[in-house]
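Let me begin by presenting the structure, written as structure tokens, before commenting on it.
The values are calculated or read from the model by the stated rules, or taken from the named source; none is laboratory data. Not measured: the values here are computed from a predicted model. Ideal geometry is used to build each Cβ from the backbone, glycine not excepted, and the neighbour counts take in all protein chains shown.
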Amino acid sequence: MIEIDKSEHIIRVVRRHWFVLLSDIFVLAFLFAVPVIGLFLFHLVPMENILIFTGNQAYAVSFFLFAWLFIVWIMGWNMWTDYYLDVLIITDKRIFDINQKGLFRRESSSFRIDKIQNVSVNQIGIIQTLLDFGTIQLETAGEREDFTAGFIAHPYEIKRFINESQDREVERSQLVHLVPDEKDAVTRSGSHAEKLTGQDDEGR
């Protein structure tokens, strides 16, 4: 799904809130109910006077029923795949945004944690507040557009987690840059001590 460095570790996977599935569930429930409604209307209305069909009606009804249910099953699987594979993957160095487009297409992008300038959370309405989901917006340095992810579960917890990960990454980067400077300082102090020792010997 993503390519990470050998020294990079996945520390959290974030998905959208289950609330986004409710509309899909209602659509699927309606589609599942369509054959039942159709059979009811078929017996209520004298369809044989409207449609001329000389074959076995039971076979025809079974064929269309299984074909319809197969189509609904494909739609439901597509909805679940889109929900389950739309994720934010947080590593100790980067954040990956995976956006699933249907069954066989996905878009992905990434940015470094230490490039994040600000993390904001937006919750609108009583439903988002009570169910604890909302929109997270990440402002990054450079020409890259700000990243926005909607319907994220526990957004304030994710915000705090990203801020803590950013602080650790910034501290680690600063330590990496400070180590050579410390080595140079030790080397210079050692050389200075040797010079002072040599001058003392000459004075004696």
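Structure notes:
- Of all residues making up region 68-125, the number that are at pLDDT 85 or above, within 21 Å of L28 (Cβ to Cβ) and either among the β-branched types (V, I, T) or within 12 Å of the chain's Cα centre (by Cα) (or both): 9
- Meeting the requirement of 2 or more residues that are among the basic types (K, R), the strands (runs of 3 or more DSSP E) wholly within region 98-142 are 106-112.
- Condition check for F32: touching a helix residue (DSSP H, G or I) at 6+ places or on another chain (Cβ under 9 Å), more than 30 Å from R160 (Cα to Cα), surrounded by 12 or more Cβ atoms within 10 Å (Cβ to Cβ) and modelled with pLDDT under 90: yes
- For region 107-131, the set of residues classified as touching a residue at least 60 places away in the same chain (Cβ under 8 Å) and either touching a Pro at 6+ places or on another chain (Cβ under 7 Å) or closer than 26 Å to L22 by Cα (or both) consists of S108, I127, L131, listed by residue number.
- So L65, is it part of a helix (DSSP H, G or I), within 38 Å of the chain's Cα centre (by Cα), surrounded by 11 or more Cβ atoms within 10 Å (Cβ to Cβ) and at pLDDT 85 or above: no
- Qualifying positions in region 126-169 - under 14 Å from the mean Cα position of the chain (by Cα) and hydrophobic (A, V, I, L, M, F, W, C): F133, I136, L138, F147, A149, F151, I152, A153, I158, I162
- Which numbered condition E169 misses (of (1) charged (D, E, K, R); (2) under 14 Å from V14 (Cβ atoms); (3) at pLDDT below 85): (2)
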